[in-house]
Structures are given as C-alpha cells and as structure tokens.
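Only one structure is covered here, and it is reproduced in the block below.
The values are calculated or read from the model by the stated rules, or taken from the named source; none is laboratory data. Note that the coordinates shown come from a computational prediction; the quantities given were computed from them, not determined experimentally. For neighbour counting, all protein chains shown are included, and Cβ atoms are generated from backbone atoms with ideal geometry for every residue, glycine included. In case anyone asks, the SASA skips ligands and DNA or RNA and just uses the protein heavy atoms, side chains included. Shrake-Rupley method; radii C 1.70, N 1.55, O 1.52, S 1.80 Å.
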Amino acid sequence: VGPLADAHLCVTHAMEVWLGENFDVHGKRVRVLYDKPPFMFGPTRVEEQHDLFSRLELDKEERHFGCNDGRSKTKIEFWLEELRIRDEVDAGELVEETLLTQMIINRNGESKISLRKNRPALLVSSTSWTPDEDFSILLKALEKLQSSIGKRNNFQRFPKILIIVTGKGPEKSHYLPLLKKFNDSHPQISIYTIWLRADDYPKLLGCATLGISLHTSTSGLDLPMKVLDMFGCQVPVCAVGFDCISELVKDGVNGRVFGNEDELAKQLYELLKSYPENCNTDLDRYRKNIEGTARWRENWDECAKDLVVGNWINEKSRRQDFHWTIKFLVFALSYSVMYWFAFKRINKSD
C-alpha cells in the first residue's frame, strides 16, 4: 500500500531514508514534518511560578513516608531556612516564599514577586516509568554528581538541585522507596514525583533550568515529544542518545547528549556549577539558541500543506469562476433569445 500513496509525511529524516530503502518511496511526494510544540508551551512568568510552587506541595510524599531520625521538618523546610539565611532580601517584609520565588511588601505597602537569588536549579523529567526509559541512569548520575560536589568541597557555591519527575507508569512503585532513600542521604539534591493538571504541566516546564530526557526510540525513527515541549518553553535538554536524536538535540548547541550515567553526571556538573549567578554560561547559550522555535501551525504551512492540500484551493476558485462564467453565458444567451423573439413580435404587429 505504501508505494501507492500520493504523499508521505515522515517525522524524521531517518524515517524518510527507511521508507526509501524498504518501500522504494522517493522524490517530492515524500516530506519530513517534524513535531512542534503548541503555543501553550513557553517561559513561565515569575508570578505564575510563585503561584504554581505555592500549590505543588512537593514534600507531601516525604510527609507520607515520614522523616528519618525523628526530624520534625521536611527536607524542603530545611532548604527554605537555609535559603532565607543566604538570600539578601531587599528593603521590605517577606510575606510569602517558595523554593524559587519570594513575595516582598515594601514600605509603601506594595507587593513584588521575584526569583530568589540563591534559588535551586530545577530539573524536570517526564517519564512513562517503563523499561524503555531507564530511570536508573538519572538516579546513578545524581549520586555521582553529589559525590563530585563533595570531592570539590563545593557545597556552599554549588546550587541546590530540585528534580521534579512527572508521569505515571508500571515501574514508579519500584522507584519510590529508592527516591526516598536517595533524598535522605543526599543533602544537596532532592527528587520528587508528581502528577500535574494538564494546564500546570506547561507552567512547570517553563520554570525549569534544564530538562532531562530518558526516552529511547524502539524503532530508532521517531523523536520524543517531551523534548519539543521543553524547547517550546526555551528549556535546554540533556537527552540520552539513540539513532536519530541528533535531528532534535544538537549536542553543544541546544543541549547535551549522553550515553550513560557518567556522561550525564559530568554534563550536569558543568552546566549547573555557576547557576544562577553567572549568565554567561553554556546553559544560557543553549537557551538563546532555542528561542524562536517554530510552532506546529507555521511548521505545517511551511513543510506539508502544499503536499497534502496541493492547489485544491486555487482549483476550487478556478472551478467557481468557471461556473459563474457558464451561468453568465447562459443568462446572456437566454436574454438574447428572449429579446430576439420580442423583436420579431413587434415587427409582425407592425
């Protein structure tokens, strides 16, 4: 059936090559149409970040499992205390806070929400918790990252790292106890799993410092939509490598590509070590390279519309013009015949 089709749309160039090799489909009727993010995905305003993290209750799971060693406070509460000490609050009163934001009321009673100067780096990963997305790679990489920070005695200068993992799947229950154990033994890093409302997911991505993709394509011919969503929010990505990932994540341009936990740990250390103080970093360069990412509609119009729709609109217009021309000619002919008979009658009466 494939070779008989009038047109073919492929999600990658790798798929285009595969069609040619397996079905002898070539030429202008084959077109690559990459997935693109919808317009709802974009950077999240600081006011929306404040609202979102005021509602998330990230330490809800920690309260559910309980704190070890008789601790009366959750890890996030300890982090907030430490951040208050390190942050220099401008003149005014701190009335609300999250890990990322503060609301300050000045002497005039005006409130202002701003990002914390020493806020944690926020890493976001969306996973289906299945074997084709090996979450253990991220967990091992974070263990190595914590070790690297400790070896360099860099705990004070290196930012806290908050990882939020979204999604549901069969292996989630296996990892939850492992995540609790990890959080209890790694003071610099915290991992939380949440399930978001549909309208909150783009907002969370828009808050992120860095995205993590553990998706590997079974066919080697498709690309992870989650990375496109992150790019839509101008968030650079560290993605596990597979056959055609380079068509989306350009290593050293809009993110990094890793093959194992050692590579990911090194990438995370290099990308986050100056966060958030230094803006002249690879992370910011990647973010700038993502700006202006095409959206789905404009990509469709540019890459596929003429192949699928063709000149149908123009042909329809021409058909309509032709029909009106015929109607006009029939009307003109009918009018002429009627006029001729009327003229004949007038001549006979005379």
Applying the gyration tensor rule to the Cα atoms of segment 176-318 (axes a ≥ b ≥ c; rounded if a/c under 1.5, else prolate if a/b exceeds b/c, else oblate), the class is prolate
Any of K75/K151; K117/K203; K36/K60; K151/K172 with alpha carbons more than 28 Å apart? Name them for me. K36/K60; K151/K172
Can you pull the accessible area of M103 for me, 1.4 Å probe, Å² to the nearest 10? 30 Å²
If I take R0 = 41 Å and measure r between the Cβ atoms of K73 and E270 in this structure, what FRET efficiency does the formula 1/(1 + (r/R0)^6) give, to the nearest 0.05? 0.80
How much accessible area does F182 have with a 1.4 Å probe, in Å² rounded to the nearest 10? 10 Å²
Quick check on my link table: of K168/K250; K73/K181; K181/K273, which ones sit more than 21 Å apart, alpha carbon to alpha carbon? K168/K250; K181/K273
Accessible area expressed per residue, segment 73-204, with surrounding protein chains retained (probe 1.4 Å, Å²): 48 Å²
For segment 100-159: rounded, prolate or oblate by the Cα gyration tensor [a/c cutoff 1.5]: oblate
Where a ≥ b ≥ c are root eigenvalues of the Cα gyration tensor, a/c under 1.5 meaning rounded, otherwise prolate if a/b exceeds b/c and oblate otherwise, segment 83-206 counts as oblate
